[in-house]
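Below you'll find the structure, written out as structure tokens, and then a few comments.
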Amino acid sequence: QVQLVESGGGLVQAGGSLRLACAAAGTIFSINTMGWYRQAPGKQRDLAATITSGGGTNYADSVKGRFTISRDNAKNTVYLQMNRLKPEDTAVYYCRLSLPGMVTYWGKGTLVTVSS
């Protein structure tokens, strides 16, 4: 069983920064993809950014140039540095771990609120 624990959400003014962290505990294969997805009120859950165990990254167009995803494989932890935050970034941010064989785990989410 795998557990994902997110931290780092909160309230920030537009233009500010936050750093999210997600620690994975349990039996985790070395080859995996970790990522952040977000769900704004009344909207579907969408990709923000992903990173493979080899370091390959993928970003939603809406966050490119402002968000940076990184990971520490030794700690099974993924980070999302969010800069120049906008009110439209307000959402619950979910961590996701994808393993071979399409096995997927989700965290419970952390709320990010950006005030204008």
request  = Mind telling me which of V78, V63, V103 comes out most flexible in a GNM of the chain, alpha-carbon contacts under 10 Å?
outcome  = V103
key: Per residue accessible area in Å² of the chain, where ligands, DNA and RNA are left out and the probe is 1.4 Å   = 54 Å²
key: Residue with peak Gaussian network fluctuation, the chain [Cα springs, cutoff 10 Å], from L80, L11, L97   = L11
request  = Rank Y93, Y59, Y79 by mean-square fluctuation in a GNM of the chain with C-alpha springs under 10 angstrom and give only the top-ranked residue.
outcome  = Y59
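With 16 Å as the cut-off, how large is the P(r) tail for the chain, expressed as percent of Cα-Cα pairs? Write out the running numbers ahead of the final one.
On the way: 3718 of 6670 pairs.
Value for the chain (Cα pairs over 16 Å): 56 percent.
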query = Got a number for carbon plus sulfur as a percent of the chain's accessible area, 1.4 Å probe?
reply = 51 percent
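In the chain, how many lysine pairs have Cα atoms under 22 Å apart, counting only pairs 8 or more places apart or on different chains?
5
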ask   = What would the Debye formula give as log10 I(q)/I(0) at q = 0.23, 0.25 Å⁻¹ for the alpha-carbon point model of the stretch 1-50, no solvent?
value = -1.09, -1.17
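Show R71, R84 ordered by accessible area, largest first, where the area counts protein heavy atoms only and the probe is 1.4 Å.
Values: R71 45, R84 140 Å².
The most accessible residue leads, giving R84, R71.
The values are calculated or read from the model by the stated rules, or taken from the named source; none is laboratory data. These figures come from a predicted structure and were not determined experimentally. For the accessible areas, the whole protein counts, side chains as well, though only heavy atoms, and no ligand, DNA or RNA atoms are used. Shrake-Rupley method; radii C 1.70, N 1.55, O 1.52, S 1.80 Å.
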